[in-house]
Amino acid sequence: MPDHPEVRVRVAVPEDEAELALLDRRAWSPLHAVTPEPRPPYPPFFGERHPPRDCLVAEDDGRLAGYTHLGFPTPLASNRHVLQIQGLAVAEEARGRGAGRALVRAAVAEARRRGARRLTLRVLGHNTPARKLYESEGFTVEGVLPEEFLLDGRYVDDVFMGRFL
């Protein structure tokens, strides 16, 4: 996939809340979501677990194209050297233009900047496009929970991936 220089990644700001919430709802799919399809009343996009400072936003030609959340996989001090991608979404109209790849690369760079030794993530086994993207950016499968979720009438594996920084 060619790089698209018009994709720019930045840290989210509180003013992104409404646009990110809408993108998140529109991007919902059983391909990657383990929660039910969002219905009103919608919860806030930002919260204690995912404040704006932990959200990276991709812009394509000045339009919001996607986001990823970074966070700690556990609350334990002994696990603070690991950061985790805790969600990544790209607007349908922006797919194939490099926003997802730019977000993964920015997450790797931000994790390094924060002093993490490892970056991990979880991805559904049937989400082939996401798995290929992560693999192409240096992530490897570190574990699989077989049939961990029942989604849309099908049992789906939960795949743990990670990489050293």
For Ala91, list long-range residues whose amide hydrogen, built 1.01 Å from N in the peptide plane, is under 5 Å from its own amide hydrogen.
-> Gly66
Rg ratio (alpha-carbon, reference 2.2 N^0.38 Å) - the chain = 1.00
Carbon/sulfur fraction of accessible area - the chain, other protein chains in place, 1.4 Å, % = 52 percent
Rounding to the nearest 20 debye, state how big the charge dipole of the chain is about its Cα centre with +1 on each Lys and Arg Cβ and -1 on each Asp and Glu Cβ.
-> 620 debye
For the stretch 55-72, just list the computed ³J(HN,Hα) in residue order, Karplus coefficients 6.51, -1.76 and 1.60, θ = phi - 60°, integers in Hz, with x standing in for Gly and Pro.
-> 10, 9, 10, 9, 10, 10, 6, x, 9, 5, 10, x, 7, 9, 9, 10, x, 8
Residue by residue through the stretch 151-165, which ³J(HN,Hα) values in whole Hz follow from phi under the Karplus form 6.51 cos²θ - 1.76 cosθ + 1.60 (θ = phi - 60°), with glycine and proline marked x?
-> 10, 6, x, 10, 7, 10, 6, 9, 9, 8, 10, x, 7, 7, 9
Under the Karplus relation with 6.51, -1.76 and 1.60 and θ = phi - 60°, whole-Hz ³J(HN,Hα) for the stretch 116-126, x at Gly and Pro, equal 5, 9, 9, 10, 10, 6, 10, 9, 6, x, 8
Given a 1.4 Å probe, how much area per residue of the chain is accessible, in Å²?
-> 57 Å²
Name the long-range amide H neighbours of Arg80: under 5 Å, sequence gap of 5 or more, or other chain; modelled H, no Pro or chain starts.
-> none
Which cross-chain or sequence-distant (5 or more) residues have an amide H under 5 Å from the amide H of Val144, H modelled 1.01 Å from N in plane?
-> Phe160
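The values are calculated or read from the model by the stated rules, or taken from the named source; none is laboratory data. All figures in this text were calculated on a predicted structure; none of them were measured in a lab. No Cβ is skipped: glycine too gets one built from the backbone with ideal geometry, and neighbour counts run over all protein chains shown. These area figures cover heavy atoms from the full protein model, side chains too; ligands, DNA and RNA do not enter into them. Shrake-Rupley method; radii C 1.70, N 1.55, O 1.52, S 1.80 Å.
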